[in-house]
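Here's the structure we're looking at; comments come further down.
The values are calculated or read from the model by the stated rules, or taken from the named source; none is laboratory data. If you're wondering where the values come from, they're calculated on a predicted model, not measured in any experiment. Because the Cβ atoms are built from the backbone with ideal geometry, glycine has one as well, and the counts that use them run over all protein chains shown. Please note that ligands, DNA and RNA were not included when accessible areas were found on the heavy atoms of the full protein model with its side chains. Shrake-Rupley method; radii C 1.70, N 1.55, O 1.52, S 1.80 Å.
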Amino acid sequence: MDTVTGTLVDITTPDGTADAYLVHPDDGQPHPGVLLYQDAFGLRPHLKAMADRLAAAGYAVLVPNVFYRHGRAPVVALSEYIDMEARPDIVGKIVPLMESLTPETTERDAGAYLAWLADSPLVTDGLVGITGYCMGARLALHTAGTHPDRIAAAAGFHGGGLASEAPDSPHLLAGRITAELYFAHADADPSMPEEQIRRLEDTLTEAGVQHRCDVYQGAHHGYTQSDTAAYDAVAAERHWKELLALFARAL
């Protein structure tokens, strides 16, 4: 495990400036790039700690504030421990932010993030990896489909709405994806019901996408997020094992 250095950076996008967290091994060498997409609660100390752990495994990790159009992180003030039942007001603040991210803005933003990684001397030449959580899993799948020439591997954990009946559901991009994919669903997750899990699996298989989809039994939506009430330590460690194995193969 490498020691790491983390800094805040600004990324110019077609729509403004996105603040982001960048962390990389502290060895003066370039490393494979990874784009880490946030959950709905946004860029905060817990996500930075996740990025630090990934960087310590040998990656240059970029965590953009995908809600940057609404302000710099933290866009929504949160307590150190997030309990949705204790803070029902959070939903009303976060949902509009999530809904403001359209497929078009997601594609533009992803292009800016990937270009920034390509230009950074801290990142090796070549394709990058993505990992996404909650809404970030949907962003990861969408980015793999809209920027296939830049993505070698993409993973999503406790993602919601990955294969809905909406005309812009990200699973419909499967035919464009060239990356290896890994998705780990929570079996107690109403945002990704069994019919969507099956639809995602069937669509990726029919498109010939190299992938694996697992269901983590007993896990809830948000199981990787240790600063929330949904955290599941066993499922979270399984996520790390699968994610690091994916990136070791592909990057």
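From the list 184, 144, exactly one residue is closer than 19 Å to residue 216 by Cα, among the aliphatic types (A, V, I, L, M) and buried (at least 21 other Cβ atoms within 10 Å of the Cβ). Which is it?
Checking each option against the conditions leaves just 184.
May I ask you to say which residue of 178, 205, 224 is open to solvent by less than 10 Å² (accessible area, probe 1.4 Å) and not hydrophobic (A, V, I, L, M, F, W, C)?
Among 178, 205, 224, only 224 is open to solvent by less than 10 Å² (accessible area, probe 1.4 Å) and not hydrophobic (A, V, I, L, M, F, W, C).
Pull up region 129-151, narrow it to residues that are of a type outside the set (Phe, Trp, Tyr), in contact with a Phe, Trp or Tyr (Cβ under 6 Å, 6 or more places away or on another chain) and assigned to a strand (DSSP E or B), then point me to the one that is nearest to residue 236 (Cα to Cα).
Per the criteria, the residue is 132.
Listed residues 68, 81; which is aromatic (Phe, Trp, Tyr) and within 20 Å of residue 20 (Cα to Cα)?
Result of the check over 68, 81: 68.
Is one or more of the residues making up region 183-205 within 26 Å of residue 150 (Cα to Cα) and assigned to a loop (DSSP other than H, G, I, E, B)?
Within region 183-205, not a single residue is within 26 Å of residue 150 (Cα to Cα) and assigned to a loop (DSSP other than H, G, I, E, B).
When region 50-89 is examined, which residues are found to be without any contact (Cβ under 8 Å) to a residue 24 or more places away in the chain and either touching a helix residue (DSSP H, G or I) at 6+ places or on another chain (Cβ under 8 Å) or among the small types (Gly, Ala, Ser) (or both)?
Answer for region 50-89, where residues must be without any contact (Cβ under 8 Å) to a residue 24 or more places away in the chain and either touching a helix residue (DSSP H, G or I) at 6+ places or on another chain (Cβ under 8 Å) or among the small types (Gly, Ala, Ser) (or both): 71, 77, 79, 86.
So which of 117, 139, 122 is within 19 Å of residue 47 (Cα to Cα), over 13 Å from the mean Cα position of the chain (by Cα) and either open to solvent by 30 Å² or more (accessible area, probe 1.4 Å) or not basic (Lys, Arg) (or both)?
Testing whether each residue is within 19 Å of residue 47 (Cα to Cα), over 13 Å from the mean Cα position of the chain (by Cα) and either open to solvent by 30 Å² or more (accessible area, probe 1.4 Å) or not basic (Lys, Arg) (or both) leaves just 117.
So residue 208 fits all but one of (1) assigned to a helix (DSSP H, G or I); (2) free of Cβ contacts under 8 Å to residues at least 40 places away in the same chain; (3) over 18 Å from the mean Cα position of the chain (by Cα); what number is the exception?
(1)
When residue 107 is evaluated against the numbered criteria (1) open to solvent by less than 60 Å² (accessible area, probe 1.4 Å); (2) closer than 15 Å to residue 64 by Cα, which criterion, by number, is the only one it fails?
It is condition (1) that residue 107 fails.
Could we say that residue 105 is polar (S, T, N, Q) and under 19 Å from the mean Cα position of the chain (by Cα) here?
yes
Please state which one of 167, 190 is open to solvent by 60 Å² or more (accessible area, probe 1.4 Å) and modelled with pLDDT under 95.
After ruling out the rest, the residue left standing is 190.
Using beta carbons and a limit of 8 Å, which pairs, at least six apart or on different chains, have the first residue in region 92-118 and closer than 15 Å to residue 138 by Cβ and among the acidic types (Asp, Glu) and the second one at pLDDT 95 or above and exposed (fewer than 15 other Cβ atoms within 10 Å of the Cβ)?
109/15
Is there any pair linking a residue in region 225-251 that is under 15 Å from residue 215 (Cα atoms) and part of a helix (DSSP H, G or I) to one that is open to solvent by less than 30 Å² (accessible area, probe 1.4 Å) and of a type outside the set (Phe, Trp, Tyr), with Cβ under 7 Å and at least six apart or on different chains, and which?
235/219; 236/224; 239/184; 239/224; 242/184; 243/131; 243/155
Assess whether residue 45 counts as being within 25 Å of residue 158 (Cβ to Cβ) and either open to solvent by 50 Å² or more (accessible area, probe 1.4 Å) or modelled with pLDDT under 95 (or both).
Judged against the criteria, residue 45 is a match.
Could you list, in sequence order, the residues of region 1-15 that are touching a residue at least 12 places away in the same chain (Cβ under 8 Å) and open to solvent by 30 Å² or more (accessible area, probe 1.4 Å)?
Those that are touching a residue at least 12 places away in the same chain (Cβ under 8 Å) and open to solvent by 30 Å² or more (accessible area, probe 1.4 Å): 1, 2, 3, 4, 5, 6, 7, 8, 12, 14, 15.
Of all residues in region 125-136 being buried (at least 24 other Cβ atoms within 10 Å of the Cβ) and either among the charged types (D, E, K, R) or touching a Pro at 6+ places or on another chain (Cβ under 8 Å) (or both), which is nearest to residue 51 (Cα to Cα)?
If we take residues in region 125-136 being buried (at least 24 other Cβ atoms within 10 Å of the Cβ) and either among the charged types (D, E, K, R) or touching a Pro at 6+ places or on another chain (Cβ under 8 Å) (or both), then 129 is nearest to residue 51 (Cα to Cα).
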